[in-house]
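Reviewing the structure listed below.
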Protein chains: 2
Amino acid sequence: MAEYFVGQLANEAGINVETVRYYENIKLLPKPKRRKSRYRVYDESDLARVKFIVRAKELGFTLKEIKELLELKIDSQAKCGDVKHLTEHKLKDIDNRIKDLRKIRSVLIKLIEQCINEEVSSEECPILESIEF
Amino acid sequence: MAEYFVGQLANEAGINVETVRYYENIKLLPKPKRRKSRYRVYDESDLARVKFIVRAKELGFTLKEIKELLELKIDSQAKCGDVKHLTEHKLKDIDNRIKDLRKIRSVLIKLIEQCINEEVSSEECPILESIEF
DNA sequence: CTTGACTCCGTACTATACTACGGTGCTTAT
DNA sequence: ATAAGCACCGTAGTATAGTACGGAGTCAAG
């Protein structure tokens with residue numbers, strides 16, 4: 001099992017060391033094992049977690065929401081019903097996001113087709129012409 | 001054609017007045033018509049624009065990216081090729097977002113199924129068990 | 001024609017999410 | 001065993017995206 005110090009972890013995830021420490025401070029990352037030197041020691045599962053955080057952030061989730069997503073699990077403490085409820089809520093949110101991204105997507109495709117046909121459109125914004133949120 | 005003052009516009013879009021002024025300052029909204037009193041006057045197209053901004057933000061776009069999306073159009077100035085290129089770039093980004101949201105989606109669905117079967121899973125995080133970004 | 005709600009503006013403050021700094025202590029390749 | 005490169009920590013600073021304030025002017029219902 002591969003082990004990393006914080007610099008390598010940060011590097012593989014494409015963020016910087018201070019950000020890793022920050023995520024630890026706000027409890028988005030668990031406290032890692034330490035060397036006697038107090039150096040933090042991570043493994044692949046930590047890397048996966050960091051990569052998830054990075055991508056989820058790009059997808060528009062706040063760090064708070066990401067924490068909630070990562071905490072979704074049925075364990076001895078959590079009742080199934082609660083987790084199910086929470087998860088269904090998250091699912092609905094994600095479905096709506098996908099739906100609206102698809103709307104934007106279809107407008108972009110139309111726009112690309114217009115470009116191919118060398119149509120010069122009006123002065124209007126094509127995205128707003130076709131999308132109603 | 002309906003006309004709104006800034007308060008009504010903000011209200012319909014679910015944001016507040018200061019935010020509308022802020023969006024105007026950073027040129028995300030065009031300068032509106034004014035009454036003699038200097039009151040801002042908006043119409044439905046402004047409302048559609050604000051609503052788009054609000055939702056696009058929720059979908060994880062920065063205000064800068066939203067501005068770029070809203071500026072995508074072929075007009076007398078912009079060359080088709082340039083717009084096509086830019087738009088294809090945005091399209092690729094959106095396709096990737098949808099793809100990754102689907103990954104999260106499928107994990108949530110699995111989790112809900114587990115809840116229904118009253119399975120108590122491990123102490124591990126189910127999202128990280130199944131997603132690799 | 002008053003009065004309560006709305007709008008004007010600039011400026012200052014806030015929350016979230018980092019990012020930089022700086023002095024000190026490890027690690028590791030030579 | 002030394003030196004370049006990491007890591008330690010707390011604290012302070014930054015960028016983005018708002019949010020609040022306050023005194024003056026405007027709107028419109030009664």
Positive-pole candidate from B:Ser76, B:Leu28, B:Leu47, dipole of the range B:24-133, charges at beta carbon: B:Ser76
Relative pair counts by distance (%), Cα atoms of the range A:1-41, 5 Å bins: 6, 24, 31, 29, 10, 1
Semi-axis lengths, Å, chain B, gyration tensor of Cα atoms, sqrt of 5 times eigenvalues: 40, 23, 11
Percentage, to the nearest whole number, of Cα pairs in the protein assembly as shown over 31 Å apart: 43 percent
Per-copy distances of the A:Asp82 label point, shortest first, in nm (7 angstrom along Cα→Cβ): 5.6
Between 0 and 90°, nearest 10: helix A:44-58 axis offset from chain A longest Cα axis: 30 degrees
Copy-to-copy label separations for B:Glu24, where each label sits 7 Å from Cα toward Cβ, in nm and ascending: 4.8
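Each value in this text was obtained by applying a stated rule to the coordinates, not by laboratory testing. Here the structure is a predicted model, which means the values were calculated and not measured. Cβ: placed from backbone, ideal geometry, glycine included. Neighbour counts: every protein chain shown.
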